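Just below is one structure, and these are the notes that go with it.
The values are calculated or read from the model by the stated rules, or taken from the named source; none is laboratory data. Please read these numbers as outputs of a predicted model, since none were measured by experiment. Positions of Cβ are backbone-derived with ideal geometry, glycine not excepted, and every protein chain shown enters the neighbour counts.
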């Protein structure tokens, strides 16, 4: 059912300064009633046009105070660097009645030009990092039915509310720019952009740098959502049955495309390791530089095999390596990354002792020249669990798999996840049935550089693939839980 008249609107402008640019206030005033919410320590600039609300005793409490008396159909929350689209009432007129949270694209002023910033549209993003535009538009009735914002939460009140609305199918995307962003400064840390592309200072890696209190609260909110969805898995998964160790014990697999500069260093890092019972399968995906020639210099070692593959699709290459592998275990190594001397020795010992289907270590970051980046610390993925993995973007590296587990689940997805998210998808599948173990050592060096494949991929494409893997996992887990009680 669609709306047939212009929507009535209230606007909350969040400000840390107490003063909102006149341009932004004037536009908001033309659309509806305007509130300015500010920290209690700030004395706001007096304005007859705006009702000033201090965020006491907390932001969620102050927001709930507003919706209790709100008589308009919609409530829009923006920050003081945003100017709303004056056509929002018309845009909202055609929004389905069931929509409780509405979002859209936005415009951003950069170097005097307005640029359209597309917002993600695809399978639901169940992470706290979901990019739903910049202006949050709520149907007031839906807010009241959901009980508003949870005032017991310090960090995750918006996330908790979004999950609750999403669980009942109340999230709706508008294919239009709903606001303009006027950033205070166009300066952006090149290091942050290079190492952590995505939303926030640390982008998709943001959850790795949270304070423990914030991480615990967000994780609790997420687990409660999984429980309401019937997708929470109780306890840990069991280990696999023991299998005899064969020779070679492990097959290292590296797909490669145009990595002439780095592939030799990757190979050297394997050859210089303390563990010797391995084979190394390198799948060249039609490189046009000198990559193949570099690899061929090492093929006099009988443990190293070069396979030529003209289809540059990551999942296909990985599955070619899996099919060719003779080892009990499969160890992944990206063509621009490095092992350390203890990598295979520590990982194979761990896998033999625990019978895990997948073992994952800690890793550290290096730059283009191979120098450590200590300012980012050791990446531990300490937040990992077989439930929380659905909220985060990965489990770590190095990844060493029991080959039989990979084959049981059909290897890597060569369909919709063929070019990104294929490894995350398989981590989810394997972890749902078998134990995933953590090796608490730095055994992998992850290189960040301008030509890194992960950086060059379209961020919206990456979001879509990760969220598709999550969507599928939610469905599988719901079925598992139903089957467990029937």
Check on residue 473, in a helix (DSSP H, G or I), in contact with a strand residue (DSSP E or B) (Cβ under 8 Å, 6 or more places away or on another chain), assigned by TED's automatic domain parsing to the domain that holds residue 346 and touching a residue at least 60 places away in the same chain (Cβ under 8 Å): no
Being out of contact with any helix residue (DSSP H, G or I) (no Cβ under 7 Å at 6 or more places or on another chain), in the same structural domain as residue 150 (by TED's automatic domain parsing) and without any contact (Cβ under 8 Å) to a residue 12 or more places away in the chain is true for just one of 58, 36, 69. Which residue is that? 69
With within 24 Å of the chain's Cα centre (by Cα) and at pLDDT 95 or above as the only criterion, which of 304, 314 stands out? 314
Meets criteria (assigned to a loop (DSSP other than H, G, I, E, B), in the same structural domain as residue 441 (by TED's automatic domain parsing) and in contact (Cβ under 8 Å) with a residue 12 or more places away in the chain) for residue 363: no
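Okay, residues lined up against (1) assigned by TED's automatic domain parsing to the domain that holds residue 453; (2) assigned to a helix (DSSP H, G or I); (3) under 22 Å from residue 420 (Cβ atoms):
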{"residue": "287", "(1), (2), (3)": "yes, no, yes"}
{"residue": "300", "(1), (2), (3)": "yes, no, no"}
{"residue": "331", "(1), (2), (3)": "yes, no, yes"}
{"residue": "352", "(1), (2), (3)": "yes, yes, no"}
Taking only segment 245-278 into account, find how many residues are in a helix (DSSP H, G or I) and not assigned by TED's automatic domain parsing to the domain that holds residue 329. 0
The lone condition residue 75 fails out of (1) under 22 Å from residue 162 (Cα atoms); (2) at pLDDT below 95 is (2)
Please count how many residues of segment 34-52 are under 35 Å from the mean Cα position of the chain (by Cα) and buried (at least 19 other Cβ atoms within 10 Å of the Cβ). 5
Tally the residues that are closer than 21 Å to residue 122 by Cα and surrounded by fewer than 21 Cβ atoms within 10 Å (Cβ to Cβ), restricting the search to segment 430-467. 11
Single condition residue 266 does not satisfy, out of (1) under 12 Å from residue 335 (Cβ atoms); (2) under 27 Å from the mean Cα position of the chain (by Cα); (3) surrounded by fewer than 21 Cβ atoms within 10 Å (Cβ to Cβ): (3)
Can you pull out every residue in segment 333-345 that is in a helix (DSSP H, G or I) and surrounded by fewer than 22 Cβ atoms within 10 Å (Cβ to Cβ)? 345
Going residue by residue through segment 78-89, is there one that turns out to be without any contact (Cβ under 8 Å) to a residue 12 or more places away in the chain, in the same structural domain as residue 174 (by TED's automatic domain parsing) and part of a helix (DSSP H, G or I)? no
